[in-house]
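Worksheet for the structure shown next.
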Amino acid sequence: MASRTSSLKYFSLLIFVLAIVQMTLAGDPDILSDFIAPPNGTVDGNFFTYTGMRVLVGGDVPKTFTVLKATLAEFPALNGQSVSYAVLEFPAGTTNPPHTHPRSAELLFLIDGTLEVGFVDTKNNLFTQTLQTGDLFVFPKGLVHYQYNADSQNSALAVSAFGSASAGTVSIPTTLFATNIDDNVLALSFKTDVATIQKLKAGLAPKP
């Protein structure tokens, strides 16, 4: 599937549904003004417009799992608005590894393809689902979760909404194996040996 233009027809439905959901998921502090203007900046229609998603229209599927974000970091007008979005592009057979969002729940809307999704609660119960095009799935705030495109032939495209302008992302593999935690601590924690931990760390090391 070389182009996703036809898939964008679902965006109007997405915006309608999630506009209501954001009011219940909002997690940022309330502000005492309509919006937060940038310091020493001009406020006009451009300030409230984000064009970073235009690359999706008519674009090709990427080679690896890709996330396009519209958060406070990319879109300053979201400051104080308790909302952000991410577009998740899954080529065939790719995954969004286990991770958490410490400041918000995530509501995922599958626009195209299929996805295997799941999360683990604080009692170590695993909840999984196979999503079809048009399905929505909520990942509760702060819980470890993942998405996986098990289809070896077709890509998948999803949009996630967050009740925070800066939901944050903590990648479990990166946090454990790419932050210089002592090899012995990890080996003891995972009941394995240091050599195995070093192999895992090497696999996450930046490629030259």
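The values are calculated or read from the model by the stated rules, or taken from the named source; none is laboratory data. Note that the structure is a prediction, hence the values are computed from the model and not measured. Cβ placement follows ideal geometry from the backbone for every residue including glycine, while neighbour counts extend to all protein chains displayed. Note: accessible area is taken over every heavy atom of the protein model, side chains too, but ligands, DNA and RNA are not part of it. Shrake-Rupley method; radii C 1.70, N 1.55, O 1.52, S 1.80 Å.
Observations
- Dipole-positive endmost among ILE36, VAL194, VAL57 within the chain (Cβ charges, Cα centre): VAL194
- Protein heavy-atom accessible surface, 1.4 Å probe, per residue over the chain: 57 Å².
- Among (i) 12.1; (ii) 14.7; (iii) 15.6, the entry that matches mean projected area of the Cα convex hull in nm² as calculated here: (ii)
- Straight-distance crosslink candidates among lysines, where the alpha carbon sits under 17 Å from LYS201 and sequence neighbours closer than 8 are dropped: LYS191
- Pairs of Cα atoms farther than 15 Å apart, the stretch 99-155, %: 47 percent
- Set of aspartates and glutamates near LYS69 by C-alpha distance (under 17 Å), chain-local residues within fewer than 8 positions excluded: GLU89, GLU106
- Global geometry of the stretch 138-201, whether rounded, prolate or oblate, following the gyration tensor of its Cα atoms and the 1.5 cut on a/c: oblate
- Radius of gyration, Dmax [the stretch 50-168; alpha carbons; angstrom]: 14.1, 43
- Neighbour count of at most 12 Cβ within 10 Å plus DSSP loop: longest trypsin sites (Lys or Arg not before Pro)-free window in the chain: 124-190
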